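Worksheet: one structure, shown below.
Please treat every number below as a calculation from the coordinates, not as lab data. Keep in mind the model is a prediction, meaning the values are calculated, not measured. In this analysis, Cβ positions are derived from the backbone assuming ideal geometry, glycine residues included, and neighbour counts consider all displayed protein chains.
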DNA sequence: GCTGGACCTTCCCCTTGGGGCAGGCCCCAG
DNA sequence: CTGGGGCCTGCCCCAAGGGGAAGGTCCAGC
């Protein structure tokens, strides 16, 4: 069957078919030597239709190529993951749209709650490194593993949670640094730091933090962080404070994410030091 | 404030800011004449942050430009529409993913039901025209208006519903034609056609149609049509029939969409003549 | 006043997934 | 055998920037 007929029956444009031939995703079963005409066979329609469906879902061609070469079960599994990803993305986008609408109405609906907490002077054990966006969570896992293996004693109470400080943007290209911290009892800090390679000890002065509860880690999408930032910015604005800490990172300021570990995975909050 | 600082505070890259300046979406409040340096002011941050949020939602720059120049209420309205569109797109995509998964499992789940109906010989009043995808529904509205204004008598029963025949692909570039049809009593057809400009009368021979109920018009997304096609193709395959009618349109065949008008908007079905 | 380094400028090429068009073969029905 | 439609390659184009080169600016420190 010629490219035109195959195109009609697969709902893929001839142009797309030529591209897929070129990149090896869907090669015609025969190519006439002297004319260059492409000829396809009916059994190729199934693959072509799967490709067409995946492209309609905006799956990149590279992923399509990987997916159509999997066996049935693995492909179904991958599509399941794709579906969950679509769900999560959509939910987060929906939250962002709703927040923008409320913003335009000058309403507070969908605005996350901002609260302030006092943080006493405390001794921290820290692991600090430059990381890219993906690496931030890896660093966290590494830190948590180190902390667990060393059996570090815990500072009790709300000021004892593990947290991460983002000293710089961790986005496309500017790579942190990110510092993971764990409060420990004052009299043991230096000894502990000496005992665990990679960790350093420092004392954090007492201060106040404005923070936003973000809910469970599993329910968060990329679009939730701008929402938290927005809430903090508005909060600062209403009190006549500068929003410096949110966008730039002067010498001794950095946004911080605290992990409240629980059975069902960590609850997060997003804080910025004020004073 | 320089482009670098504005970039950090708005979370828009300098590259993007230069582009937005170039297209007039977000011009710096001052551009140094001799150096070309761009300088922004704090009040511009609000607009910049809205742009950033919209771009995160993949709203095209042209739409962003339109949206940010609307007043509050209109912008909120537009965002509401955007949210509904996101919902509909996501729901349709979700249905497509689920159908693909079931397909890979060789399950019938999520497969639309195919049924067959007998259509008797009938006289039709038709309006046929080449249209692009957007124009197909406009043609339908036009047809329905003409039909209503002329007060055409109705052929009673299930074979009396208005329907549209797609004689060719109505997609990117191939533009139809599409023919809207309304069955009328045999003895009045010619007289009626003569009385209404633009309409032609013809007799459709008796035949059978395989069809898929599509549900209410309002709940349909673009991804639902491939699902219907898929169900019909599978149905044809199981009976050893050709699926010709679904992808090509020989002289006397065409896929047809029937409108079952009701209070809550029309229910649609998707049919292909067999025989 | 000078200098170094951070910051800024324009310019050009690259990306993804094709669309559109030009110029030129090819194939097949009449 | 000829016409018209189908097909080929090759080139440029789109959005929405990213990457980097080559060079101009700004300012703080000396």
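Of note:
- Selected residue (criterion: farthest from the other protein chains (Cβ to nearest Cβ)) from residues of segment A:27-42 that are touching a strand residue (DSSP E or B) at 6+ places or on another chain (Cβ under 9 Å) and within 8 Å of DNA strand C (Cβ to nearest atom): A:32
- When residue A:15 is tested against (1) near DNA strand C (Cβ under 9 Å from one of its atoms); (2) surrounded by 14 or more Cβ atoms within 10 Å (Cβ to Cβ); (3) part of a helix (DSSP H, G or I); (4) more than 9 Å from chain B (Cβ to nearest Cβ), only condition (2) is not met.
- Inspection of segment B:103-110 identifies at least one residue that is facing another protein chain (nearest Cβ under 10 Å) and surrounded by 17 or more Cβ atoms within 10 Å (Cβ to Cβ).
- Residue in segment B:71-88 that is touching a strand residue (DSSP E or B) at 6+ places or on another chain (Cβ under 7 Å) and more than 21 Å from residue B:2 (Cα to Cα) present: no
- Entirely in segment B:178-225, the strands (runs of 3 or more DSSP E) that have 3 or more residues that are surrounded by fewer than 16 Cβ atoms within 10 Å (Cβ to Cβ): B:200-204, B:207-216
- For segment B:43-62, a residue qualifies if it is within 14 Å of chain A (Cβ to nearest Cβ), assigned to a loop (DSSP other than H, G, I, E, B) and within 15 Å of DNA strand C (Cβ to nearest atom), and exactly one does: B:58.
- Condition broken by residue B:24, with the remaining ones in (1) at negative phi; (2) surrounded by fewer than 18 Cβ atoms within 10 Å (Cβ to Cβ); (3) within 15 Å of DNA strand C (Cβ to nearest atom) satisfied: (1)
- Count of residues meeting criterion [away from DNA strand D (no atom under 14 Å from the Cβ) and exposed (fewer than 13 other Cβ atoms within 10 Å of the Cβ)] in segment B:27-50: 5
- Filtered residue count, segment B:1-12, keeping only those that are near DNA strand D (Cβ under 9 Å from one of its atoms) and part of a loop (DSSP other than H, G, I, E, B): 1
- Test: residue in segment A:73-96 that is surrounded by fewer than 18 Cβ atoms within 10 Å (Cβ to Cβ), away from chain B (no Cβ under 13 Å), more than 16 Å from DNA strand D (Cβ to nearest atom) and not in a strand (DSSP E or B): no
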